[in-house]
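The values are calculated or read from the model by the stated rules, or taken from the named source; none is laboratory data. Since the structure is predicted, the reported quantities are computational estimates derived from the model, not experimental observations. FYI the Cβ positions are ideal-geometry reconstructions off the backbone, even for glycines, and counts take in every protein chain you see. Surface areas here come from the heavy atoms of the whole protein model, side chains and all, with no ligands, DNA or RNA. Shrake-Rupley method; radii C 1.70, N 1.55, O 1.52, S 1.80 Å.
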Amino acid sequence: MSDSPPTRSDAARLPTGLRMPAIDYRPLAPLSQVDSDWSTLDSGMTPLADESSPPWLGLQLPESVSAWGHFECRASLQALTSSAAFRHAGQRTPVQVRFARCGDAAAADSARGARRFVVRFGAEPGGTPGWPLPGCSLPLAPDTPTSLTPPADSAPLAPWLWLMSDRALPRSYRMMQGFGMQTFRLEHASGEAVYARFHWLPAAGTHALAADEADQLARADPQFLRHDLAEAIVAGAFPRWQLALQVFGERQANSFDFDPFDTSRMLPEDRVPLRGIGWLVLNRLAHDDEADAELETLADPAEADGDDTAAVTGIVPCHSLPPSPAERMRRDLIQARLFWRSQSRVEQTHLIAACRAAIGPTAPAPPRSHLLERLAEVDPALASALSGASMRRSGALLRGEPGAASHPATQVQPSSTLSLLARPGERSVRMRRIAMLLADGYETHSLRAVQRALSAAGAQVQCVGPRAGAVWSAGGDYTSVELSIDLAPSALWDAVVLPEGSRAQAALARSDDARRFILAQYRHGKPILQLGPGNGLLVRLGIPRALPDGRVDTSLVLRPQGDVDAANLTRRQISAFLEALSLPRRFDRVPEPAPLIPVRYPRYYAR
């Protein structure tokens, strides 16, 4: 808090913590410049891809951000692979990681879609580029992964459902799970074939944006994910991911009732469990004056050494040839049903809303009906929710004949690990963005206590208000509000602190911008701390104290009634607020509160 009134120009200026200096966001080099000779890169593994490998594996990334760091091996794989990076426990290998969205280069970071990345082991600034390990934020590899258009005719359905899910809207690169896009053969001295798929599990957990949040961020900060990654590294909250492998041998591969080399499907974790082997840490950003080796694109597995690929053909009979159209559709149905049934109720609700928006009310009737029939094969409830009425399917099912939905070959058991809620991550508030919403008449003592506690815990705290400039307290001092709500909408913040003071609360209640801000925080399941006695501001906004099932909403932190020890109450509130910040969002809240004072939404404002 300031000791002298700021000038109007200083008060309106954006803080350095919200916008980072320019980073090298150059597009990647064309595929022709990539060295595809994997045998000379000391990787100790060969990518396996069948003849039906999707062409997008070798496409150029449109726009990206890169960082340097290291990989620390925690469990030796010397018995499985000759790769130097996994040879000894405790060994550190320098790495470079590049993240990027798939699709339109002009799209905002937060826009719905797949994200790709490549980890280069052994890469050093100005030195060797290392050997690449590519991955993706989605585990499936469709032919057109960036298209949000509903699939037509016999196009794969499962990848589209993944793109409609919350996983296509990651809250941060730091909170994005990574999936290997193909199976690798691990090479070692014994000569026995061992196969693996790679997974990157974020230490911060897997968290997603709401769809309207992503729209707000696209306007407020089109490079939000890149800025978030840069700010975390600059602040010393280094992003971390655990590298985990699904490992299986030749005998086990032959015993599977599915093709483990199929790039369009996941390996079930209950059949092939994850095995953590080490941690990736990013601790430095890449700059313009460093080597351009990291600008190379993902290596296409189809360009790997032919002899190495041929050495494993025949292990799985269906590996050398693409599946028949009927078999491909059966596999796609299994993957779509597995993913849908593994989602939580909230994630299914979000997926339905995204599908409804993608299909649109003006979609031609025949393609729409055909899509709904296919979705009914995945789950009749999904098709019914999209059609707005009870779904009656045509063809064999209408005649009472057994269809794909009842065929034993397409039955699946849900897998809880496919839900984002399965990996909440470390319970930490570091790099959480907290908005302190201020208006004239606030009480200073409680606000300063909250600011000190949050900053000490590593949260990023900033003062926000209906207007920028000096905001005066009830005691006559002031705080410089650096950001007005129109420049820093609710989507930029992980939680909000509402001030103590009847005058300040009344002023916020009169402001349409402030009311929209608070309601969006509530609707998106974010913690809200109301300082001072009572909850008059929340009552005016129609925000209930309880959840729909009657339980207390612990993410709404209010002052208990009847205790006169204000200082002790503030400490208890801060402790409860920090606890709420460390937990996943409360998506089980009332979806749309009914304010006592109507809120006027401008046409451009995405609710």
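Points worth noting:
- If you plug the beta carbon distance of residue 411 and residue 575 into 1/(1 + (r/R0)^6) with R0 = 45 Å, you get a FRET efficiency near 0.40.
- Across all C-alpha atoms in region 158-253, the radius of gyration and Dmax reach 17.7, 56 Å.
- The slack in the chain from residue 455 to residue 269, taken as 0.36 nm per residue of separation less the alpha-carbon distance, amounts to 63.0 nm.
- Burial order of peptide ranges 348-357, 154-163 (average beta-carbon count within 10 Å, highest first): 154-163, 348-357
- Extension gain from residue 251 to residue 152, taking 0.36 nm per residue of separation minus the Cα-Cα distance: 31.8 nm
- Scoring 98-108, 581-591 by mean Cβ neighbours within 10 Å over their residues and listing the highest first yields 98-108, 581-591.
- Distance (nanometres) between label positions extended 7 Å along Cα→Cβ at residue 551 and residue 281: 3.6
- Within the accessible area of region 419-528 (1.4 Å probe), percent carbon and sulfur: 49
- Accessible area, probe 1.4 Å, largest first, for residues 421, 454: 421, 454
- The packing ranking, built from the mean of other Cβ atoms within 10 Å per residue, places the peptides 116-123, 568-575 in the order 116-123, 568-575, highest first.
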